[in-house]
Amino acid sequence: MNLIPIIAIDGPSASGKGSVAQRVAEALGFHFLDSGALYRLTALAAGRRGVNWDDEVGVAGVAVALDVSFQGEHVLLDGAEVAHAIRSEDIGVGASRVAALPAVRAALLERQRAFARMPGLVADGRDMGSVVFPDAALKVFLTASAEVRAERRYRQLLERGEEADLAAITDDLRARDERDRARAVAPLMQLPDARPLDTSGLGIDQAVAQVLAWWREVHVNA
Ligand code: CDP
Ligand code: CDP
């Protein structure tokens, strides 16, 4: 069992992982790791350096040398703000392509583990409970129906003032889910020791309350 309390929240795209994990971290005063951001940053940095997203050795080199810093809402790559740039659907697709390359995953492993610090960490992604923090005290698998997730992503893009096409988003989410579940390394899957939480009909507050209730249960029994 890890001495640093860790809550691992995994699940498919737009299941609510990021929003829920961030709020749980705030409620507990824990650190927060958005592991997807590291894959997105790797895809963005590779693109900017002219490295093809399928070039495993090239992209792994970019991942190892990634110069990033997270400061609240700000995300800096090579010292420049990219918080907005990494959230595009194009970079989401790039992230899922580079994330399928074993050398890239290996290159980002220790960087993710370094986020584990006292008093605790809430980490969200696809393999937080399976590979990065297998000893996490609490593992949660968030889901929501494909329709609900596509609708959420659509609204999210509109709220950001970006163009959005629901049919294209639905296709994109489906392709990304497929790639994340089918890949040979660290595929997205529900572990037997992860607690499932379907957020299709749940608001963020309700989902956060459930995770906090589970945390209290685990914590008391630890
Ligand atoms: O991190 P992930 O891609 O799993 O999802 P997210 O970015 O946290 O959530 C995607 C969108 O769904 C955001 O706009 C959230 O506000 C919204 N959401 C929701 O409406 N209800 C939930 N229970 C969870 C998220
Ligand atoms: O916000 P959304 O859930 O759509 O994506 P994200 O969490 O930012 O992750 C972007 C992509 O990175 C995913 O489609 C995964 O392919 C990959 N990823 C991963 O492979 N492992 C993680 N721990 C986190 C993200």
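Pairwise over distinct Cα atoms, reciprocal of the mean inverse distance: report the Kirkwood radius of the stretch 97-136 in Å, one decimal place.
10.9 Å
Could you work out the Rg to Rh ratio of the chain, with Rh taken as the Kirkwood radius (inverse of the mean 1/r over all Cα pairs)?
0.94
I need the peptides 53-64, 164-175, 123-134, 28-39 ranked by packing, meaning the mean over residues of other C-beta atoms within 10 angstrom, with the highest value on top.
Put in order of decreasing packing, that is 123-134, 28-39, 53-64, 164-175.
Met189's amide H: which non-local residues (gap 5+, or another chain) put their own amide H closer than 5 Å, with H modeled 1.01 Å from N in plane and none for Pro or chain starts?
Those lying under 5 Å, H to H, from Met189: there are none.
Dividing the Cα convex hull volume of the stretch 99-222 by residue count, how many Å³ per residue is that?
Given the Cα convex hull of the stretch 99-222, per-residue volume reads 140 Å³.
Scale the Cα Rg of the stretch 167-222 by the rule-of-thumb value 2.2 N^0.38 Å and send over the ratio, two decimals.
1.52
Put a dot 7 Å past each Cα toward the Cβ at Ser69 and Gln156; how far apart are the dots in nm?
About 2.6 nm, to one decimal.
So in the chain, what percent of DSSP beta bridges are antiparallel if you round to the nearest 5?
25 percent
Between Ser200 and Ala213, what is the label-point separation in nm under the 7 Å Cα-to-beta-carbon projection?
2.0 nm
How do 12-21, 145-154 rank on mean C-beta neighbours within 10 Å, highest first?
Result, highest mean first: 12-21, 145-154.
How large is ³J(HN,Hα), in whole Hz, for each residue of the stretch 84-101 in order, when computed from phi with the Karplus curve 6.51 cos²θ - 1.76 cosθ + 1.60 and θ = phi - 60°, using x for Gly and Pro?
Computed from phi, the couplings for the stretch 84-101 are 6, 4, 7, 8, 5, 5, 4, 6, x, 5, x, 4, 6, 6, 5, 6, 7, 8 Hz.
If you take the charge dipole of the stretch 1-131 about its Cα centre, with +1 on Lys and Arg Cβ and -1 on Asp and Glu Cβ, which of Leu121, Pro102, Asn52 is farthest toward its positive end?
Farthest towards the positive end: Leu121.
Using amide H atoms built in the peptide plane, which far-off residues or other-chain residues are under 5 Å from Val140 H to H?
Ala8, Ile9, Asp10, Arg195
Coordinate-derived values only; no laboratory data. All values reported here derive from a predicted model rather than from experimental measurement. All Cβ positions, even for glycine, are placed from backbone atoms using ideal geometry, and neighbour counts span all protein chains on display.
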